[in-house]
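No value in this document is a laboratory result; all are computed from the given coordinates. Because the structure is predicted, anything quoted here is derived from the model rather than measured. We place every Cβ from the backbone using ideal geometry, glycine too, and count neighbours over all the protein chains shown.
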Amino acid sequence: MTVIRIMGRLLAAVALATLAACGSDIQTTSGRAYLDAYETPTGADATSGESETIDAKVRRVAAVEPTLRFPSRIGLARIENGELSGMSSAEAAAWMAGAERLGPAFGEFVPLSRLVAEMVTNPTNEAAGQSLVPASRLHRTMEKIRLGAARQHLDVVLVYEVYGRSNQSGNPLSVLNLTIIGAFLLPGETIDAVGFASALLLDVRNGYPYGTARHVVDHGAITPSVGSRNERQQLMRSAMTEAAVGLVPEVETMFRRLHVALSQLDAPTRTQE
């Protein structure tokens, strides 16, 4: 009975973790209202020498407003391994279908051109003759995305990232991997692959984050020892693609919720008029 209870709790925990790993969130809060609740330091309190204090940085970062209104020009950018990358045909078809389901009320979905993004990005990481602070690869990629989106006159850009991991372990049949025939024919290796996909809807002009979405896919398989490495890689790629495709409905939900929330922001203004 104790074992059954433990297994039940474990299954419940796994179910809750799976639910938390998929879904979406939105943001429409005002930076002005956020900062109104805090006293603004003046004079020497705002800076420390020539460098900006953390308090000043917090105020500067928070001072953004949700200016997005639908319909708009929505960019689509894919990241893998911290770099801009092309999407698979399955992903492209899923995004196209998602855009059609959302309809023209949301605007136009435009793939971000990697060529344009490269063209408007300074490869030496310098601007106006001054070296910039060294940035992470992902930070540089996000800057490249915003610059490319600005050149394409996009209002917001949906940045989605895919990544995966895989594990391999022997099962009871793995003892037969020591035999020539068993290593080729008997499924002595158990493979588990997980694909992750997450998205961020970002304002191109002021960097406001309007929403996030995420989706996780877990795959398992058994395979002979010989060729198991290739099988593991293929299973991981399959899980990553499936996670990206499964992300699309989560993003649709995010867009619909955001549409309602942004419309409510305008409601008081229309009432006063």
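Data overview
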{"read-out": "Most to least packed among 83-95, 153-165 [average Cβ atoms within 10 Å]", "value": "153-165, 83-95"}
{"read-out": "Estimated FRET transfer efficiency (D55, T253; beta-carbon r; R0 45 Å; 0.05)", "value": "0.80"}
